[in-house]
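**Student:** The following block contains the structure, expressed as structure tokens.
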Amino acid sequence: MSVVIDVKNIGVSFQRNRKRNFSVREMLLQGKNTSPRGSFWALRNVNFQVNAGEAVGLMGANGEGKSTLLRLIAGVLLPDEGSVEVKGGVAPLIELTGGLKSDLTARDNIALVAGLHGLKKAEVKKRFNNIVEFAEIGDFLDTPVRHFSSGMKVRLGFSIVTSIDEPIILVDEALAVGDAAFMQKCYVRMKDLLNQGKTLFLVSHKEKDLKEFCTRGLYLKDGTLAVDGTLTQALAAYRADAGISDD
């Protein structure tokens, strides 16, 4: 099988927040420059490959770098160390809005996001009705997205990114916002995409979602890749570190 995602020894460093309220005691003992200056590594020494058609579940506690890793794969963030090579286009739903512009209408957002992924106007027009029908936002096509509920934004974002035929799909906790009926539609859509040979990268705290789609698991801990194995192995390590019993 061909490698479509190749992550080599990546590291991502972020600057700490320099603003802080000091007590008089801290200023006297340590001086006015008592601030958490410097940087910290959100991810470091992370290595893995993903083959075409794999469904990978990414897990870890909050703040362990899951969203940062997806942004690296999506190409919206560059590593400070190492490299990320992605072969083929990426359809990312890595934030609630899915890249939607709040001041634009739903109609304009469909054209914009699809166009950014290389779809010609004729192709967008061909898929337009299916995107709208799946998202269930037909009555709000000409409403600015800023007036949408969180659930409506997820429905629209998910519908667009899963309709543009990119070979790699990134989903970051978006399904947690939708209602039960829409989640079931998403499950069916994602199964269909996997059956077409798409590659899936799914971040979720819900074991049900991970088990529904993924056979492989990556577990991030302390900014490093603690486990790269079967989904069962990764979940077991994650549950053990989180103190979650199997009962």
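**Student:** Could you please let me know if Leu141 is modelled with pLDDT of 95 or more and closer than 24 Å to Ser102 by Cα?
**Tutor:** Details: modelled with pLDDT of 95 or more: yes; closer than 24 Å to Ser102 by Cα: yes.
It is true that Leu141 is modelled with pLDDT of 95 or more and closer than 24 Å to Ser102 by Cα.
**Student:** Is at least one residue of region 67-85 within 13 Å of the chain's Cα centre (by Cα) and either farther than 28 Å from Ile10 by Cα or of a type in the set (S, T, N, Q) (or both)?
**Tutor:** Checked region 67-85: at least one residue is within 13 Å of the chain's Cα centre (by Cα) and either farther than 28 Å from Ile10 by Cα or of a type in the set (S, T, N, Q) (or both).
**Student:** Give region 10-56 a look and list any residue that's at pLDDT 70 or above, of a type outside the set (A, V, I, L, M, F, W, C) and over 30 Å from Glu212 (Cα atoms), or say none.
**Tutor:** Listed by number, the residues that qualify are Gly11, Ser13, Gln15, Ser39.
**Student:** Let me ask something else about it. Just one of Glu95, Glu64 is over 30 Å from Gly138 (Cβ atoms) and modelled with pLDDT under 95; which is it? Talk me through it step by step, then tell me what you get.
**Tutor:** Numbers: Glu95 fails: over 30 Å from Gly138 (Cβ atoms).
Exactly one residue qualifies, and that residue is Glu64.
**Student:** Okay, moving on. Just a yes or no: is a residue in region 183-191 in contact with a helix residue (DSSP H, G or I) (Cβ under 7 Å, 6 or more places away or on another chain), more than 17 Å from Pro92 (Cα to Cα), aliphatic (A, V, I, L, M) and modelled with pLDDT under 90?
**Tutor:** Scanning region 183-191, I find at least one residue that is in contact with a helix residue (DSSP H, G or I) (Cβ under 7 Å, 6 or more places away or on another chain), more than 17 Å from Pro92 (Cα to Cα), aliphatic (A, V, I, L, M) and modelled with pLDDT under 90, so the answer is yes.
**Student:** Name the one entry in Pro79, Pro167, Pro92 that is in contact with a strand residue (DSSP E or B) (Cβ under 8 Å, 6 or more places away or on another chain), buried (at least 16 other Cβ atoms within 10 Å of the Cβ), farther than 19 Å from Lys198 by Cβ and in contact (Cβ under 8 Å) with a residue 60 or more places away in the chain.
**Tutor:** Pro79
**Student:** Another question, then. Hey, could you check region 217-239 for residues that are within 18 Å of the chain's Cα centre (by Cα) and hydroxyl-bearing (Ser, Thr, Tyr) and say which is surrounded by the most Cβ atoms within 10 Å (Cβ to Cβ)?
**Tutor:** Tyr219
**Student:** Determine which member of the set Lys101, Lys121, Lys87 is in contact (Cβ under 8 Å) with a residue 60 or more places away in the chain and surrounded by fewer than 19 Cβ atoms within 10 Å (Cβ to Cβ). I'd like the intermediate steps shown before the answer.
**Tutor:** Working: Lys101 fails: in contact (Cβ under 8 Å) with a residue 60 or more places away in the chain; Lys121 fails: in contact (Cβ under 8 Å) with a residue 60 or more places away in the chain.
Among Lys101, Lys121, Lys87, only Lys87 is in contact (Cβ under 8 Å) with a residue 60 or more places away in the chain and surrounded by fewer than 19 Cβ atoms within 10 Å (Cβ to Cβ).
**Student:** Being without any contact (Cβ under 8 Å) to a residue 24 or more places away in the chain, closer than 30 Å to Cys214 by Cβ and of a type outside the set (Gly, Ala, Ser) is the filter; apply it to region 133-164 and report the residue that is surrounded by the fewest Cβ atoms within 10 Å (Cβ to Cβ).
**Tutor:** Of all residues in region 133-164, those without any contact (Cβ under 8 Å) to a residue 24 or more places away in the chain come to 133, 138-139, 147, 149, 152.
Applying the additional criterion that residues be closer than 30 Å to Cys214 by Cβ yields 133, 149, 152.
Narrowing further to those that are of a type outside the set (Gly, Ala, Ser): 133, 152.
Details: Glu133: 11, Met152: 19.
Filtering first and then ranking leaves Glu133.
**Student:** Failed condition for Gly178, given (1) outside any strand (DSSP E or B); (2) modelled with pLDDT of 95 or more, with all others met?
**Tutor:** The failed condition is (2).
**Student:** Report those strands (runs of 3 or more DSSP E) wholly inside region 188-239 carrying at least 3 residues which are hydrophobic (A, V, I, L, M, F, W, C) and farther than 16 Å from Asn47 by Cβ.
**Tutor:** The qualifying strands (runs of 3 or more DSSP E) are 199-203.
**Student:** Given the condition touching a strand residue (DSSP E or B) at 6+ places or on another chain (Cβ under 7 Å), among the small types (Gly, Ala, Ser) and either without any contact (Cβ under 8 Å) to a residue 24 or more places away in the chain or under 30 Å from Gly11 (Cα atoms) (or both), answer yes or no: does some residue in region 181-189 qualify?
**Tutor:** No.
**Student:** I would also like to ask the following. Looking only at region 104-116, how many residues end up being surrounded by fewer than 18 Cβ atoms within 10 Å (Cβ to Cβ) and in contact (Cβ under 8 Å) with a residue 24 or more places away in the chain?
**Tutor:** 3
**Student:** Next question, about the same structure. Take Gly217 and decide whether it is within 16 Å of Glu54 (Cα to Cα) and without any contact (Cβ under 8 Å) to a residue 24 or more places away in the chain.
**Tutor:** No, not satisfied.
The values are calculated or read from the model by the stated rules, or taken from the named source; none is laboratory data. The shown structure was predicted, so the numbers you read here are calculated from the model rather than taken from an experiment. Cβ: placed from backbone, ideal geometry, glycine included. Neighbour counts: every protein chain shown.
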